[in-house]
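Student: If you scroll down you'll find the structure; I have some questions about it.
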Amino acid sequence: MSWFDGVRARLRLLAGRSAEKRMQREFGFHMEMEAERLVREEGLAPAEARRRAAVAFGGVEKYTEELRSDRGFSWLKGTVLDLKLGLRLLFKNPGFTLVSGLGIMVATAFMSGLFAFFYSNIYPKLPLPEGDRLVGLENWDVRVNNEEQRSLHDFILWRSQMKSVVEISAFHEFEASLFIGTTAWPTVRVASMTASAFRLARVAPALGRYLAEADEREGAADVLVIGYEAWRDRFEQDRNVVGSVVRLGRQVYTIVGVMPEGYGFPVNHQYWVPFRLDPLKVPRGEGPRLFVFGRLAPGASEPGAQAELKIIGERMAAQFPLTNEKLRPMVWPFTAPLIDIQGAGPLVLVQTGLMSGLVLFVVAMNIAILVYARTAMRRGEIAIRTALGASRTRIVVQLFLEALVLALVPALLGIPLTQYGLRVGDSIMSLEYGGQPFWTDLSLQPVTVFYTLFLVVIAAAVIGVLPALRATGRHVQADIRQLGGSGGMKLGRVWTLMIATQVAVAVAALPQVVKLGLGQMHQSLERPNFHGEFVSFGAELTEAYDSTGAAEANALFGARITRLLARLASDRDLAGVTISGRVPYLESRKQIEVASPEGPGGASVYAPSSVAAAAGVDTARFNVLGLPMLAGRGFDARDVAPGASSAIVNRSFVRQVLQGGSAVGHRLRYMGEDDGGKAASPGRWHEIIGVVEDMNSNPLNPDAGRANIYFPVAPSQLRAASVLARLKPSVTPTLAQRLPAMIAAEMPELRVGPMGNVDWIDKQDQLVVRLVAMITILVMVSVLLLSAAGIYALMSFTVTQRWREIGIRSALGATPPRVLAGMFSRVAVQIGLGIVVGIGAALALDPWTGKDVPMTGALIPAVVVIITVVGFVAAAGPARRGLRIQPIDALKSQ
């Protein structure tokens, strides 16, 4: 037989049950022949003949087992036995299983959730034909290490010269109010997109047609394509919608097509108009921000496209040095520029894995300590198995499989928790950004399951293998000798180090985890100090007017917003209107100076390192909100006059910056570094004219408020504003339906953002905080239970192993109090060593966990007390049981 025939025969054996069936048929045939011979020649009954034939051939099962062993499957029997034993141990130790399972479930759910979120955005699968062939093109400015998307002229050149990327397209977006007949809708996002982008996506319209190149020509009719969701929500799925007329801002469009359900290309858009930017009318390096994309040509690759684009970029840099010398054109996966992770996707995923892996390692190490204490109690069993011939590998595999069962069950239970967190995160992002990108898929993916299983294996290795290697090391032979009565297991400096380390980790980590958890709980308990129903929305100039000069734009916006406020003030449903906006004459700084009333040259000058947030508000702000003035006065017309320099601070500012002193008459200014970390000259001085109540309060921690400074602004000083309208009691908030139509009819220069009830918006913010708080609390409880359980297990085992010593000391006449004192003195040394190290680490970590919860001074002593009580309780139980044992029995048992 050739080697090839041997390999083929071996593969047939490995093929599965077919070999077993063929063997069973063969042996069945021979046994039938033997049974017939016995009946014919010896006159036996058929049943007896079949029995003797089976005995003669040794039974089919014997050869079946040999065949399975030849295939290499004999290990399965032992593996199944180990898995059964691991499952049995879970039920045998319910406390250990519950504590360990909770820690593993929280850790794996946290890590799997992070991984699933980032993976779905870093490596999305575009739900388009050959979606993996789509790429994004953009210029990278090496001076600021960021993208430069004002690339109209580059887009035109790329589209005409590139061969490795075809159907190169572009879009830019703008916002506009939507009018359907006499009905006005809030602002919608519109994509001004090239017609080639629809061909690039290769998705046919559900109704009508999509955009064509003819629509992009100057003078062509203004047409609009809408998405399925817009057709359903705004047009009630009217199949005669094609040909109807709508208005976006002041421009009238004719609907020519409806795209199918789920289509939101290129991001999550539902309205598309023709791309009409004339490069001859836009200076190079200016114009709107474009996103350029295309499809790799057949046979082309991303590196090849990058090489071609690099050559084109070098020619452009030489030809247009003023605008292109510092630009490097790049080719990215389609979604990378859209979610701003150009080239950093793998790094982000690795960083996420390392960060989440650290959480798992901490949890697994705590559980490993529990398992090690339990494994140490099984040293006798391990020694017996070793003496009977079990290899170290066999025992380590057994303990690993037991740990695998322990980790697998809670990890699988954590997957629904992961999906719940992803769904909540998806809802939050949809509210924040107006919907997820069309390619986002946060459902349970195979890669997430594989990642979770990978985490389970890693956790099982840490939990099971590390204690197993320690338990099956060079001490096994000593354990075998101890079985004959030579003495108990030696607990030396390594064991003391383990106990001290566990205590130190608990004392260092628990206060920080509790502090973070309480901080999130504090935020979730924040409540506004004003009451009533409010409606909020943003207002700014439309794109056409915003591109004018700064002075003209400010004057136009000021006139329009003043007119809007006057109309709203006369509305029958409103009790008041106020606006806020960015302070035009202040830059955000890292520090503030506060001078006493004697002036800047006086002796009382404070320079706190914390940031006091600045906000620009109109003179009606605090009256509309109903916030009382605690000292001084509120803003009035004097404070918005030219040259005025007034400011109002809140209660928290007085408490945190002025240590509760008087504020009225003090002066303040921003100084130091700006948000970019650059040195900045101090701003001008502003006089504090009043103190107002905090916007929010926290019943659990009244000192957790944020220091705020309010500066007066007039509408003419703003380019954009946030409008807050207070509804009269028992009034249905119909403002959202009436306001867009009124603004579009009388003030088309203004663009109004989405409107929302302030109380509803606050609830969404609370949802974010409570989600984070829930995760933090779960981690906090897991770490607390695991730390306490680890210390308890170690201390309990330590004292249990000293029963022989207790017996000897009792036999020599030592009284129970003296025995207990000796036991607890060693416990005190071990716990005390860990506490000293842990307190030092906790104080070092404290500045990194924030100052929202000023309770570290109380948390550390509380954790020290808890850990000390746990340690002594763990020692007291076994010590008391040891005292009840007769000395002679204790000696015999060892």
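The values are calculated or read from the model by the stated rules, or taken from the named source; none is laboratory data. Everything numeric here is computed off the predicted structure, so don't read it as measured data. For neighbour counting, all protein chains shown are included, and Cβ atoms are generated from backbone atoms with ideal geometry for every residue, glycine included. Just the protein is used for accessible areas: all its heavy atoms, side chains included, with ligands, DNA and RNA removed. Shrake-Rupley method; radii C 1.70, N 1.55, O 1.52, S 1.80 Å.
Student: What are the ³J(HN,Hα) couplings of region 819-828, residue after residue, when phi is run through the Karplus curve with 6.51, -1.76, 1.60 and θ = phi - 60°? Round to Hz, x for glycine and proline.
Tutor: 5, 5, 4, x, 5, 6, 5, 5, 4, 5
Student: Also, quick follow-up: Could you tell me the accessible area of THR619 in Å² (1.4 Å probe, neighbours in place), rounded to the nearest ten?
Tutor: Its accessible surface works out to 50 Å², give or take rounding.
Student: Same structure again: Within region 206-239, list the residues whose amide N lies under 19 Å from a label point set 7 Å along Cα→Cβ of ARG276.
Tutor: 209-226
Student: A further question on this structure: Measure off 7 Å from each Cα along the Cα-to-Cβ vector at ALA644 and ALA204, then give the distance between these two points in nanometres to one decimal.
Tutor: 6.6 nm
Student: Can you list the residues, at least 5 places off or on another chain, whose amide H is less than 5 Å from the amide H of PHE534, using H built in the peptide plane?
Tutor: Excluding prolines and chain starts, which carry no amide H, the hits are LEU727, VAL758, ASP759.
Student: Assuming R0 = 60 Å, what is the FRET efficiency of VAL457 and ALA566, from their Cβ-Cβ distance, to the nearest 0.05? Please report the intermediate quantities before stating the final value.
Tutor: Working: r = 68 Å, r/R0 = 1.14.
Using R0 = 60 Å, I get an efficiency of 0.30.
Student: For region 151-270, what is the convex hull volume of the alpha-carbon atoms per residue, in Å³? Please list the in-between numbers first.
Tutor: Details: hull volume 13.8 nm³, N = 120.
Convex hull volume per residue, Cα atoms: 115 Å³.
Student: Still on this model: How high is the FRET efficiency between SER825 and ARG394 when r is their beta carbon distance and R₀ equals 51 Å, given to the nearest 0.05?
Tutor: Working: r = 41 Å, r/R0 = 0.81.
Approximately 0.80, to the nearest 0.05.
Student: Once both labels are modelled 7 Å past Cα along the beta-carbon direction, what's the GLU213-SER716 spacing in nm?
Tutor: 5.2 nm
Student: Then there is this: Roll a 1.4 Å probe over the protein heavy atoms and report the accessible area of HIS531 in Å², nearest 10.
Tutor: Using a 1.4 Å probe on the heavy atoms, I get roughly 140 Å².
Student: Per 0.36 nm of contour for each residue apart, how much would the distance between ARG582 and LEU843 grow if the chain were fully extended, relative to their Cα-Cα spacing?
Tutor: Working: separation 261, 0.36 × 261 = 93.96 nm, distance 3.87 nm.
Computed gain between ARG582 and LEU843 is 90.1 nm.
Student: For region 242-253, in order, what is each residue's ³J(HN,Hα) by Karplus, 6.51 cos²θ - 1.76 cosθ + 1.60 with θ = phi - 60°, in whole Hz (x at glycine and Pro)?
Tutor: Taking θ as phi minus 60°, the curve returns 4, x, 6, 10, 10, 10, 10, x, 9, 9, 9, 10 Hz for region 242-253.
Student: Also, I was wondering about something else. Which trypsin sites (Lys or Arg not before Pro) from region 619-663 combine a DSSP loop assignment with at most 15 other Cβ atoms within 10 Å?
Tutor: On the way: sites: ARG621, ARG633, ARG638, ARG651, ARG655; in loops: ARG633.
Here the sparse-neighbourhood loop sites are ARG633.
Student: In whole Å, what three semi-axes, largest first, describe the equivalent ellipsoid of region 149-216 built from its Cα gyration tensor (square root of 5 times each eigenvalue)?
Tutor: Working: eigenvalues 159, 56, 16 Å².
They are 28, 17, 9 Å, listed from largest to smallest.
Student: Could you calculate the contour length gain from SER160 to THR815, that is, 0.36 nm times the residue separation minus the distance between their Cα atoms, to one decimal place in nm?
Tutor: Numbers: separation 655, 0.36 × 655 = 235.80 nm, distance 9.79 nm.
Length gained, SER160 through THR815: 226.0 nm.
Student: Follow-up. Based on the Cβ-Cβ distance of GLU236 and ASN623, what FRET efficiency does E = 1/(1 + (r/R0)^6) give at R0 = 56 Å, to the nearest 0.05? Intermediate values should be presented prior to the final figure.
Tutor: Values: r = 43 Å, r/R0 = 0.77.
Once the sixth-power term is evaluated, E becomes 0.85.
Student: Give me the distance between the Cα centres of region 197-274 and region 123-177, rounded to whole Å.
Tutor: If you average the Cα positions of each part, the centres end up 21 Å apart.
Student: With θ taken as phi - 60° and the coefficients 6.51, -1.76 and 1.60, list the Karplus ³J(HN,Hα) couplings across region 204-209 in order, rounded to whole Hz; mark glycine and proline as x.
Tutor: 6, x, 7, 9, x, 9
Student: Another question, then. So if each residue of separation counts as 0.36 nm, and I subtract the Cα-Cα distance between ARG40 and LYS310, what length gain in nm does that give? Show your work: numbers first, answer last.
Tutor: Values: separation 270, 0.36 × 270 = 97.20 nm, distance 9.17 nm.
Value of the extension gain: 88.0 nm.
Student: Let me ask something additional. Given the Cα atoms of region 234-304, and with Rh set as the inverse mean 1/r over their pairs in the Kirkwood sense, what is Rg to Rh to two decimals? Provide the component values of the computation, followed by the final result.
Tutor: On the way: Rg = 17.3 Å, Rh = 16.2 Å.
So for region 234-304, dividing Rg by the Kirkwood Rh gives 1.07.
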